[in-house]
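The values are calculated or read from the model by the stated rules, or taken from the named source; none is laboratory data. Note that the coordinates shown come from a computational prediction; the quantities given were computed from them, not determined experimentally. Note that we place each Cβ from the backbone using ideal geometry, even for glycine, and neighbour counts take in every protein chain shown.
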Amino acid sequence: MPLVLSAALLAGCGDGDGVDVACGLQECTVTFPRGVEASASVLGVEAKLVSVQDGWVTLEIGGTTVTVPVGGEAEGVQVREVTSEKVVVAIPHGLLGG
């Protein structure tokens, strides 16, 4: 049964223009491109990159604003990587309604 659940989660993970989404059993990793307004539907919830400034990343997840330090965690959301080209974050399923 866990394999069926895993396949269902991966299949329904989500997408957006230029945004890469990969989901596992406990979280979804979202890679946003920098320099554009980027958002994606992740397990049916909109995740949007709002800003990157002074070592902080601001996201909007399902209408809730979350500000996370680069390399850190806030409210379960982790910022794993920030470069001039992309921002990689991990969002736990609990914030996505899962």
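In the stretch 40-53, which residue that is among the small types (Gly, Ala, Ser) and buried (at least 19 other Cβ atoms within 10 Å of the Cβ) is nearest to Val21 (Cα to Cα)? Give the steps one after another, and end with the answer.
Of the stretch 40-53, the ones among the small types (Gly, Ala, Ser) are 40-41, 44, 47, 51.
Going one step further and asking which of them are buried (at least 19 other Cβ atoms within 10 Å of the Cβ), we end up with 40, 47.
Working: Ala40: 8, Ala47: 10 Å.
So the residue we want is Ala40.
Please name all residue pairs, on different chains or six or more residues apart, with Cβ atoms under 7 Å, provided the first residue is in the stretch 69-98 and is of a type in the set (S, T, N, Q) and the second residue is in a strand (DSSP E or B).
Listed pairs, sorted by first residue: Gln78/Val89; Gln78/Ala90.
Any idea which residue in the stretch 53-67 is farthest from Leu25 (Cα to Cα), counting only those that are among the hydrophobic types (A, V, I, L, M, F, W, C) and in contact with a Ser or Thr (Cβ under 8 Å, 6 or more places away or on another chain)?
That would be Trp56.
Scan the stretch 40-51 and report the pairs whose first residue is among the basic types (Lys, Arg) and whose second residue is at pLDDT 90 or above and not in a loop (DSSP other than H, G, I, E, B), with Cβ atoms within less than 7 Å and a gap of 6+ or a chain change.
Final answer for the pair search is Lys48/Ser39; Lys48/Leu59; Lys48/Glu60.
Taking the stretch 1-37, which residues are at pLDDT 70 or above and either among the aromatic types (Phe, Trp, Tyr) or assigned to a strand (DSSP E or B) (or both)? Talk me through it step by step, then tell me what you get.
At the first step, the residues of the stretch 1-37 found to be at pLDDT 70 or above are 18-37.
Scanning the stretch 1-37 gives Val19, Asp20, Val21, Ala22, Cys23, Glu27, Cys28, Thr29, Val30, Thr31, Phe32, Pro33.
Which residues, taken from the stretch 44-63, are in a strand (DSSP E or B) and over 13 Å from the mean Cα position of the chain (by Cα)?
Initial filter on the stretch 44-63 (in a strand (DSSP E or B)): 45-53, 56-61.
Result: Ser51, Val52, Gln53, Trp56.
If Glu27 passes every condition in (1) on the phi < 0 side of the Ramachandran plot; (2) acidic (Asp, Glu); (3) surrounded by fewer than 14 Cβ atoms within 10 Å (Cβ to Cβ) but one, which one does it miss?
Of everything listed in (1) on the phi < 0 side of the Ramachandran plot; (2) acidic (Asp, Glu); (3) surrounded by fewer than 14 Cβ atoms within 10 Å (Cβ to Cβ), Glu27 misses just condition (3).
Taking the stretch 66-94 only, how many residues are within 18 Å of Val36 (Cα to Cα) and either at pLDDT below 95 or loosely packed, with under 15 Cβ neighbours inside 10 Å (or both)?
Residues flagged as within 18 Å of Val36 (Cα to Cα) and either at pLDDT below 95 or loosely packed, with under 15 Cβ neighbours inside 10 Å (or both) within the stretch 66-94 amount to 4.
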